[in-house]
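Enquirer: Take this structure first; my questions come after.
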Amino acid sequence: MARSRSTDSPAPTGKAGRGPSAGKSGRGGSTASGATATGGGGKAPKLDKNGQPKVGRLKKVGNQVRMIKQAYSLTRKSDPRLPWVMLIAFVVVAGLVELIAILLGAPFLFIPVAVLLGALAALVVFGRRAQGSAYRQVEGQPGAAAWVLEGMRGDWRVSSGVAGTTQLDAVHRVLGRPGVILVAEGAPGRVRPLLAQEKKRISRVVGDAPIYDIVVGDDEGQVPLRKLSAHVMKLPRNLDGGQLNALGKRLSALGGGRMPVPGGPLPGGRQMSVSQRQVRRR
């Protein structure tokens with residue numbers, strides 16, 4: 001008995017079995033999904049540790065050059081002799097190097113070294129003059145000590161204005177490896193009682209950690225503003241990292257500032273921000 005064959009034709013195989021847009025839709029779908037994942041076909045920007053887009057090296061160099069130019073022009077306004085002092089530093093250092101090269105019998109070989117060292121000397125002079133100009137601008141103004149303390153490099157935890165008066169006399173608290181440093185600025189007759197009161201308040205939580213007190217000024221027993229940063233950084237290191245963190249937690253329970261003290265003097269607005277960058281580099 002003969003077998004009956006199915007009247008349904010078998011499904012075509014190969015390319016004929018594919019839909020008219022199967023391959024295209026697959027590719028298009030992957031392309032579309034890829035475009036969606038990358039934000040319209042562009043590459044996602046790289047992020048730094050803080051989650052901000054990374055800045056290229058060339059852009060960083062360009063920003064630094066613009067900042068140096070701006071700082072130079074602003075410093076020159078308050079220090080007209082700056083170009084001549086920088087030129088003298090360049091000529092003196094480069095001349096000394098070239099003189100040594102002549103004595104060694106290789107005057108042309110040391111020309112690049114002389115130029116580089118001369119330029120370095122000019123930059124050092126520029127940094128010193130810019131730093132001095134910045135301190136002259138802020139000296140005697142409310143918040144000057146806080147501005148200097150906040151610009152120090154290293155693990156220094158500054159709490160501005162933990163105590164003060166309506167005359168803008170202020171006591172700032174600095175926590176660092178030396179211990180707790182209380183820095184007062186203002187009239188000595190008004191800030192010394194503030195220092196004693198704040199020292200008594202924090203002595204209940206700091207335990208055996210040292211407490212230093214500093215009064216900013218030019219009188220005897222005071223620290224000039226231009227030497228404040230160096231004076232604080234030269235204090236002996238009495239605490240390790242663990243003790244510093246534990247002390248910071250205890251001090252945080254006392255709260256921060258209790259008076260509206262400016263975070264730093266800003267005479268001239270933008271001019272001060274450039275001078276501040278120069279001081280923080282030192």
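What follows is calculated from the coordinates using simple rules that are stated; it is not laboratory data. Because the structure is a prediction, the values reported are computed rather than measured. Cβ coordinates were reconstructed from backbone atoms using ideal geometry, including for glycine residues, and neighbour counts include every protein chain displayed.
Enquirer: Arranged from highest to lowest average of other beta-carbon atoms within 10 Å per residue, in what order do the peptides 216-225, 116-125, 129-138 appear? Don't skip to the end; give the middle numbers.
Expert: Values: 216-225: 14.1, 116-125: 16.4, 129-138: 20.7.
Going by the mean number of other Cβ atoms within 10 Å, highest first, we get 129-138, 116-125, 216-225.
Enquirer: So who's got an amide H within less than 5 Å of the one on Ile214, skipping anything under 5 residues away but keeping other chains? H placed 1.01 Å off N, in plane.
Expert: Leu182, Val183, Ala184
Enquirer: Which distance in nm do the two modelled labels at Ile102 and Trp84 give, with both placed 7 Å along the Cα-to-Cβ direction?
Expert: 2.6 nm
Enquirer: With an 8 Å cut-off on Cα pairs and a minimum separation of 6 or more residues, tell me the relative contact order of the range 144-264 in percent. Walk me through the numbers before you get to the answer.
Expert: Values: 198 pairs, mean separation 39.8, N = 121.
It comes to 33 percent, rounded to a whole number.
Enquirer: Please list the non-local residues whose amide H lies under 5 Å from the amide H of Ala163, H modeled 1.01 Å from N, same-chain partners needing a gap of 5 or more.
Expert: When sequence neighbours closer than 5 places are left aside, the close amide H contacts are Val171, Arg258.
Enquirer: In whole Hz, what ³J(HN,Hα) sequence does the range 145-150 give by Karplus (6.51, -1.76, 1.60; θ = phi - 60°), x for Gly and Pro?
Expert: Karplus-based 3J(HN,Hα) across the range 145-150 equals 5, 5, 4, 5, 5, 5 Hz.
Enquirer: Between Leu109 and Met233, what is 0.36 nm times their sequence separation minus the Cα-Cα distance? Round to one decimal in nm.
Expert: Values: separation 124, 0.36 × 124 = 44.64 nm, distance 4.19 nm.
Separation in residues times 0.36 nm, less the Cα-Cα distance, equals 40.5 nm.
Enquirer: I want the antiparallel fraction of DSSP beta bridges within the range 144-264, as a percent rounded to 5. Walk me through the numbers before you get to the answer.
Expert: Values: 12 of 19 bridges.
Given both bridge residues lie in the range 144-264, the antiparallel proportion sits at roughly 65 percent.
Enquirer: Please turn the phi angles of the range 129-135 into ³J(HN,Hα) values with the Karplus equation 6.51 cos²θ - 1.76 cosθ + 1.60 (θ = phi - 60°), one per residue in order, whole Hz, x for glycine and proline.
Expert: 5, 5, 5, x, 5, 5, 5
Enquirer: Mind listing the phi-derived Karplus ³J(HN,Hα) values for the range 225-240, rounded to whole Hz, using 6.51, -1.76 and 1.60 with θ = phi - 60°, and x for any glycine or proline?
Expert: Calculated HN-Hα couplings, in order: 4, 5, 10, 5, 4, 5, 5, 5, 6, 8, 5, x, 8, 10, 10, 8 Hz.
Enquirer: Report the gain in length on full extension from Arg66 to Thr165: 0.36 nm times residue separation, minus Cα-Cα distance, nm rounded to one decimal.
Expert: Working: separation 99, 0.36 × 99 = 35.64 nm, distance 4.00 nm.
That works out to 31.6 nm of additional length.
Enquirer: Structure shown: which of Lys59/Lys234; Lys59/Lys227; Lys200/Lys234; Lys60/Lys234; Lys199/Lys227 lie over 30 Å apart, alpha-carbon to alpha-carbon?
Expert: Too far apart for the 30 Å limit: Lys59/Lys234; Lys59/Lys227; Lys60/Lys234.
Enquirer: Using only alpha carbon pairs under 8 Å that are at least six residues apart, calculate the relative contact order of the range 58-138 and give it in whole percent.
Expert: Values: 55 pairs, mean separation 29.0, N = 81.
After rounding, I find 36 percent.
Enquirer: Would you please put 176-187, 231-242 in order of how densely packed they are, using the mean number of other Cβ atoms within 10 angstrom per residue and starting with the highest?
Expert: Working: 176-187: 21.5, 231-242: 12.7.
Per-residue Cβ counts within 10 Å, averaged per peptide and sorted highest first, yield 176-187, 231-242.
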